[in-house]
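Below: the structure, in structure tokens.
The values are calculated or read from the model by the stated rules, or taken from the named source; none is laboratory data. Keep in mind that what you see is a predicted model, and the values were worked out from it rather than measured. Ideal geometry is used to build each Cβ from the backbone, glycine not excepted, and the neighbour counts take in all protein chains shown. Accessible surface is based on the protein model in full, side chains and every heavy atom, while ligands, DNA and RNA are left aside. Shrake-Rupley method; radii C 1.70, N 1.55, O 1.52, S 1.80 Å.
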Amino acid sequence: MKRNQSTEDYLENILLLSHESEYVHRVDVARRVGVSQPAVQKAVKILTASGFVECDGMHIYLTKKGEEYAQKIYDRHCTIRRFLELLGVNKADADSDACEMEHVLSDATFAAMSHYINKNK
């Protein structure tokens, strides 16, 4: 699957919101992502058509496929953030940079980062 930063950002944020509350609402996604509710509505339609989420009119739910993909992206984020922190980057910058890097790093570079973290625990 071709990587899409917008899709990945929405899925990751829906995942994190679902860990905070039983129900995920469009307004919560809009606040967290920093976009309008109509932008979330459009994204949800795309995510639904891709089989990543389902909606009951009020709530957004990750499908199994969506949850697996979102968890993979979140794990990449956490690994990259930890790698940057091990290099001495402060937490705020490491988190912000990980948000960008998680979408563009090759699998080989990500594997090397993971290996480095495991070696330097």
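Take the residues in segment 1-58 that are assigned to a loop (DSSP other than H, G, I, E, B) and aliphatic (A, V, I, L, M), then tell me which one is farthest from Glu100 (Cα to Cα).
Going residue by residue through segment 1-58, those that are assigned to a loop (DSSP other than H, G, I, E, B) are 1-4, 21-23, 25, 34-36, 50-52, 56-58.
Among the residues that remain, those that are also aliphatic (A, V, I, L, M) are: 1, 35, 58.
Working: Met1: 19, Val35: 17, Met58: 30 Å.
The selected residue is Met58.
Here is a check on your reading of the model: is Phe52 modelled with pLDDT of 95 or more, over 16 Å from the mean Cα position of the chain (by Cα) and open to solvent by less than 50 Å² (accessible area, probe 1.4 Å)?
On the way: modelled with pLDDT of 95 or more: yes; over 16 Å from the mean Cα position of the chain (by Cα): no; open to solvent by less than 50 Å² (accessible area, probe 1.4 Å): yes.
It is false that Phe52 is modelled with pLDDT of 95 or more, over 16 Å from the mean Cα position of the chain (by Cα) and open to solvent by less than 50 Å² (accessible area, probe 1.4 Å).
Looking at segment 27-40, I want the residues that are of a type in the set (Asp, Glu) and have a partner that is open to solvent by less than 50 Å² (accessible area, probe 1.4 Å) and at pLDDT 95 or above with Cβ atoms under 7 Å, at least 6 apart or on another chain. Which pairs are those?
Asp28/Leu17
Could we say that Gly66 is open to solvent by less than 80 Å² (accessible area, probe 1.4 Å) and not in a helix (DSSP H, G or I) here? Reasoning before the result, please.
Working: open to solvent by less than 80 Å² (accessible area, probe 1.4 Å): yes; not in a helix (DSSP H, G or I): no.
Spelling it out, it is not the case that Gly66 is open to solvent by less than 80 Å² (accessible area, probe 1.4 Å) and not in a helix (DSSP H, G or I).
I need the full set of residues from segment 83-112 which are assigned to a helix (DSSP H, G or I) and surrounded by 18 or more Cβ atoms within 10 Å (Cβ to Cβ), in order please. Working first, answer last.
Filtering segment 83-112 down to residues assigned to a helix (DSSP H, G or I) leaves 83-86, 91-101, 107-112.
If the condition is that a residue be assigned to a helix (DSSP H, G or I) and surrounded by 18 or more Cβ atoms within 10 Å (Cβ to Cβ), then Phe83, Leu84, Ala94, Ala98, Met101 are the ones that fit.
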